[in-house]
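The values are calculated or read from the model by the stated rules, or taken from the named source; none is laboratory data. Predicted, not measured: the structure shown is a model, and the values here were computed from it. Note: ideal-geometry Cβ built from the backbone for every residue, glycine included; neighbour counts use all protein chains shown.
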């Protein structure tokens, strides 16, 4: 067996063969149980060797915790790179991800797991991508075969030598791709030298998570309205997300499958964003990890079948699927109501995580200004020449000169005083504008608006109670009407009412208690006393009916609750969008403070300059008096 040397100059002795692939063979390493070596069938070219070296240089504990990351290149006796060493991903414990999310394969490879395990693994997959992206790397060729899962739910990425790697200013692309996990914007493109972005990886990540939550279903596999049967790659390229609740894509989910509406609103929104035709701003891996962690906290066993684990905020989707009952989009039935307080608390934690910005920084005046230059300052000084001139010059001429100069200074003084007042007003207005448009002021306004939206959600409880009362009144009125219609006017019902009077009433359409209205006084042959007796009989029937008032029917109650939960869900979605907007707006608001502060600083500088000039003018005038 050929021996190799690692990056530290230590000998690496290959042992038994563990596996073979299209590019190379994986061997056990003698004396190192947790390490394996991959030796390429054909020696790597110079570019590939440089990429392997970059992989080894970027290796750290975080990357090794989520992947079989190369730890060192392996060179032969000539110094040529032939492969690398990496951590062992034990095939006796780890399986490719599709062996978990495909139901038939799961029964064999993971026979004792339930929904909790699937969510746990989905979260670990998201965490792995988050680690990759935090280091500036991408999986590139996202595929279920590049993700391994242990029986304990640990996730490890393999085939890392194909990943897109960044080391310093150098980026080594991923030259391959799996069409069913490739985003629409890259379908059909040559990938060899293409530099991908995190958004491209995030499409693949969302697809993997979708597979885990939807029993191995692909998000773009569905029933096409036009009866077409395109490939998955063609459906992806056409942006035909089969499960969308927001867009008409011409494709519907296959029958007897889970629906996007079976997920909580937050997850619905994440998948809509990930598979949106906009092709950007897909949910980040760290966001997926957070929302899946939240889902884990809300998992509960189904009341009807404890082996079904589902989001307690939603009805059990497996039961509904088995019953063929479609779930309402984001609207759980009365048995699984939206817990407004829990949802508000969750959202408000996100609000509280956005710190209030500091007030605008105090304006620090620039350098001390020089006074304005006045071209006709008088050449007054205590020089010898001036004293000689004053002795021999005419006194009246000197006085005229001083008077004329004093007038000029007084005029200049007025101009500078006006300018100082004007600048003072501008500075005050700018300070007011700065306070009103500061990031802190805008933040407070946004928080007030969020609090208003929160109150609107909470008020829906009162609206629901009012609507239930209204529906109950309507129901009672309908039941009373039915009851009265069933009470036929007979000779034994009302004292003094005989066959003749009943015949007269029937001729005018009055045959039961419902027909006894104020209009009976228009019927000839029915005197005031009989009218009173008939009305008293109806009133007595109404009293008896109301004493046995029935509650609102479950169907009517459920209809009101579903309607109100739709309203709540829509409001909660608005609040969550406003929180996201607040996070996005804060940096922009803070940057907008800078030009206002610069303007105030310039105005203050100009004001100080006019003030200094005014002081000098006043001092000069004092010297002329």
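Anything in region 504-523 that is touching a helix residue (DSSP H, G or I) at 6+ places or on another chain (Cβ under 6 Å) and loosely packed, with under 13 Cβ neighbours inside 10 Å? List them, or say none. Show your work before the answer.
Filtering region 504-523 down to residues touching a helix residue (DSSP H, G or I) at 6+ places or on another chain (Cβ under 6 Å) leaves 512-514, 516, 520-521.
Of everything in region 504-523, just one residue is touching a helix residue (DSSP H, G or I) at 6+ places or on another chain (Cβ under 6 Å) and loosely packed, with under 13 Cβ neighbours inside 10 Å, namely 521.
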Selected residue (only one of 119, 113 is closer than 23 Å to residue 143 by Cβ and either at pLDDT 95 or above or in contact with a strand residue (DSSP E or B) (Cβ under 6 Å, 6 or more places away or on another chain) (or both)):
119
Unique residue being closer than 16 Å to residue 551 by Cβ and part of a helix (DSSP H, G or I) when the list is 505, 484, 501, 480
480
Any chance region 543-563 includes a residue that's in a helix (DSSP H, G or I), touching a helix residue (DSSP H, G or I) at 6+ places or on another chain (Cβ under 6 Å), in contact (Cβ under 8 Å) with a residue 40 or more places away in the chain and over 30 Å from residue 458 (Cβ atoms)?
yes
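Looking only at region 144-157, decide whether some residue is over 21 Å from residue 288 (Cβ atoms), outside any helix (DSSP H, G or I) and touching a helix residue (DSSP H, G or I) at 6+ places or on another chain (Cβ under 9 Å).
Pass one, region 144-157, residues over 21 Å from residue 288 (Cβ atoms): 151.
If we keep only those that are outside any helix (DSSP H, G or I) as well, we get 151.
Keeping just the survivors that are touching a helix residue (DSSP H, G or I) at 6+ places or on another chain (Cβ under 9 Å) gives 151.
Yes, region 144-157 contains a residue that is over 21 Å from residue 288 (Cβ atoms), outside any helix (DSSP H, G or I) and touching a helix residue (DSSP H, G or I) at 6+ places or on another chain (Cβ under 9 Å).
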Looking only at region 60-70, decide whether some residue is over 26 Å from residue 24 (Cα atoms), assigned to a loop (DSSP other than H, G, I, E, B) and at pLDDT 95 or above.
no
Flag for residue 62 being surrounded by fewer than 21 Cβ atoms within 10 Å (Cβ to Cβ), touching a helix residue (DSSP H, G or I) at 6+ places or on another chain (Cβ under 9 Å) and without any contact (Cβ under 8 Å) to a residue 24 or more places away in the chain
no
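If you go through region 184-191 one residue at a time, do you hit one that is under 27 Å from residue 89 (Cα atoms) and either touching a strand residue (DSSP E or B) at 6+ places or on another chain (Cβ under 8 Å) or part of a loop (DSSP other than H, G, I, E, B) (or both)?
Narrowing region 184-191 to residues under 27 Å from residue 89 (Cα atoms): none.
Looking through region 184-191, none of the residues is under 27 Å from residue 89 (Cα atoms) and either touching a strand residue (DSSP E or B) at 6+ places or on another chain (Cβ under 8 Å) or part of a loop (DSSP other than H, G, I, E, B) (or both).
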Answer yes if at least one residue in region 180-190 is surrounded by 22 or more Cβ atoms within 10 Å (Cβ to Cβ) and over 22 Å from the mean Cα position of the chain (by Cα), and no otherwise.
yes
Out of all the residues in region 102-143, which are without any contact (Cβ under 8 Å) to a residue 24 or more places away in the chain and assigned to a loop (DSSP other than H, G, I, E, B)?
111, 112, 113
For region 8-47, how many residues meet the condition of being surrounded by fewer than 17 Cβ atoms within 10 Å (Cβ to Cβ) and not in a strand (DSSP E or B)?
14
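Of 286, 307, 296, which residue is surrounded by fewer than 21 Cβ atoms within 10 Å (Cβ to Cβ), assigned to a loop (DSSP other than H, G, I, E, B) and in the same structural domain as residue 137 (by the TED database)? Lay out the reasoning, then the answer.
Numbers: 286 fails: assigned to a loop (DSSP other than H, G, I, E, B); 296 fails: assigned to a loop (DSSP other than H, G, I, E, B).
When all the criteria are applied, what remains is 307.
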For residue 254, which of the numbered conditions (1) at pLDDT 90 or above; (2) touching a strand residue (DSSP E or B) at 6+ places or on another chain (Cβ under 7 Å); (3) in a loop (DSSP other than H, G, I, E, B) fails to hold?
(1)
